[in-house]
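Working notes, beginning with the structure itself.
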């Protein structure tokens, strides 16, 4: 089968012929990939930013946002069948460790992360995962239409889901970054809450997308964004801020936009947030980190997606164009999400 392989950090992944993915255990599921999302995390992987954390052996196939059709199952699999349309939780978990039993899939002590941890991912024709990772979809669903919801979608949903007790009707929310993560987060906010959503981005096309998917107000990050947000949200800022960027100086803007007694949900990553402790204590602000999401998060998100309340703004590309697509993403020329279709 064809697969996009990372052979050396700092060098572009290459499309190669590799052995077909196979069932190796009783709970394994092999999926024929129908869509693989291209994520900024893929860029970080190629650059080696996650090498020390994940310690992946090279080479391996990248791609952690995947959906497709069940191709083969292990002898112990009982909840999916060959031919089922599925979207895959990005980190298959064991189901029996304390974290799993507590519903914290991402903290599983025996998990693996296809496309990230050195286990082969989904930028390929076939992918090996587990029964526990599979969310069965309506059979008419095109996997390429939902693939990026497996990571970008679940990450945005998880953050909003955690914030729901704070999002009373009339609450003002800032969504910083209206790209691949942010445009999904805005839709989830509008689907689950009556909050007023202010979208912030440095790209006017991204802001047009934010308006199209439900943002009540948009602000261009042109250097005057803090004043613009305070004019819309009130001098003290917004009660809740979702930072879907969190690099450059965006994370400090997000903190400054958060009102006293408010909450900053950090969803993107790459930067460093420095906060004076006196400011943190005196204002009683909260900073909450977010790491992907749970299996129930993904299942709930797919209910919204299949009812038309959340959709991906995406463009499809053949797998052979993956290196060019990564270059386009690196240059910030991708609006919404790019989806590779083997």
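Scanning the stretch 289-296 for residues that are under 30 Å from residue 113 (Cα atoms) and out of contact with any helix residue (DSSP H, G or I) (no Cβ under 8 Å at 6 or more places or on another chain) turns up at least one hit. Residue 134 meets the conditions (1) more than 27 Å from residue 6 (Cα to Cα); (2) at pLDDT 95 or above in every case but one. The failed one is (1). Of the helices (runs of 4 or more DSSP H) lying entirely inside the stretch 273-342, those containing at least 3 residues that are more than 22 Å from residue 90 (Cα to Cα) are 277-283, 322-330.
Within the option set 214, 248, 262, 234, being modelled with pLDDT of 95 or more and at positive phi holds for one residue only, 214.
Here is a yes/no grid of residues against (1) at pLDDT below 95; (2) surrounded by fewer than 22 Cβ atoms within 10 Å (Cβ to Cβ); (3) at positive phi:
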position	(1), (2), (3)
267	no, no, no
317	no, yes, no
321	no, yes, no
330	yes, yes, no
335	yes, yes, no
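Hey, does the stretch 267-282 have a residue that's under 25 Å from residue 99 (Cα atoms) and in contact (Cβ under 8 Å) with a residue 40 or more places away in the chain? Within the stretch 267-282, one or more residues are under 25 Å from residue 99 (Cα atoms) and in contact (Cβ under 8 Å) with a residue 40 or more places away in the chain.
Residues in the stretch 214-239 that are crowded, with 21+ Cβ neighbours inside 10 Å and under 22 Å from residue 160 (Cα atoms): 215, 218, 219, 229, 233, 237, 238, 239.
Within the stretch 41-55, is there a residue that is assigned to a loop (DSSP other than H, G, I, E, B) and either in contact with a strand residue (DSSP E or B) (Cβ under 6 Å, 6 or more places away or on another chain) or closer than 23 Å to residue 317 by Cα (or both)? Scanning the stretch 41-55 turns up no residue that is assigned to a loop (DSSP other than H, G, I, E, B) and either in contact with a strand residue (DSSP E or B) (Cβ under 6 Å, 6 or more places away or on another chain) or closer than 23 Å to residue 317 by Cα (or both).
Cβ-Cβ contacts under 6 Å between residues 6 or more apart (or on different chains), taken from a first residue in the stretch 1-26 that is in the same structural domain as residue 123 (by TED's automatic domain parsing) and surrounded by fewer than 14 Cβ atoms within 10 Å (Cβ to Cβ) to a second residue that is in a strand (DSSP E or B) and modelled with pLDDT of 95 or more, are listed as 20/126. Using the structure shown, decide if residue 127 is closer than 13 Å to residue 69 by Cβ and either assigned to a helix (DSSP H, G or I) or touching a residue at least 12 places away in the same chain (Cβ under 8 Å) (or both). Criteria met by residue 127.
Within the stretch 255-266, being assigned to a helix (DSSP H, G or I) and either free of Cβ contacts under 8 Å to residues at least 60 places away in the same chain or not assigned by TED's automatic domain parsing to the domain that holds residue 206 (or both) holds for 255, 256. Give me a count of the residues in the stretch 85-111 that are surrounded by fewer than 19 Cβ atoms within 10 Å (Cβ to Cβ) and assigned to a loop (DSSP other than H, G, I, E, B). Here the count works out to 9.
One line per residue, one yes/no per condition, for (1) over 22 Å from the mean Cα position of the chain (by Cα); (2) closer than 30 Å to residue 132 by Cα:
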| residue | (1), (2) |
| --- | --- |
| 220 | yes, no |
| 233 | yes, no |
| 251 | no, no |
| 257 | yes, no |
| 303 | no, yes |
| 307 | no, yes |
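Residue pairs whose Cβ atoms lie under 6 Å apart, sitting 6 or more positions apart in sequence or on different chains, and linking a residue in the stretch 64-92 that is free of Cβ contacts under 8 Å to residues at least 24 places away in the same chain to a partner that is surrounded by 19 or more Cβ atoms within 10 Å (Cβ to Cβ) and not in a loop (DSSP other than H, G, I, E, B), are 82/70.
The values are calculated or read from the model by the stated rules, or taken from the named source; none is laboratory data. Note that this is a predicted model, so its numbers are computed, not measured. Quick reminder, even Gly has a Cβ in these numbers, built from the backbone with ideal geometry, and neighbours come from all protein chains shown.
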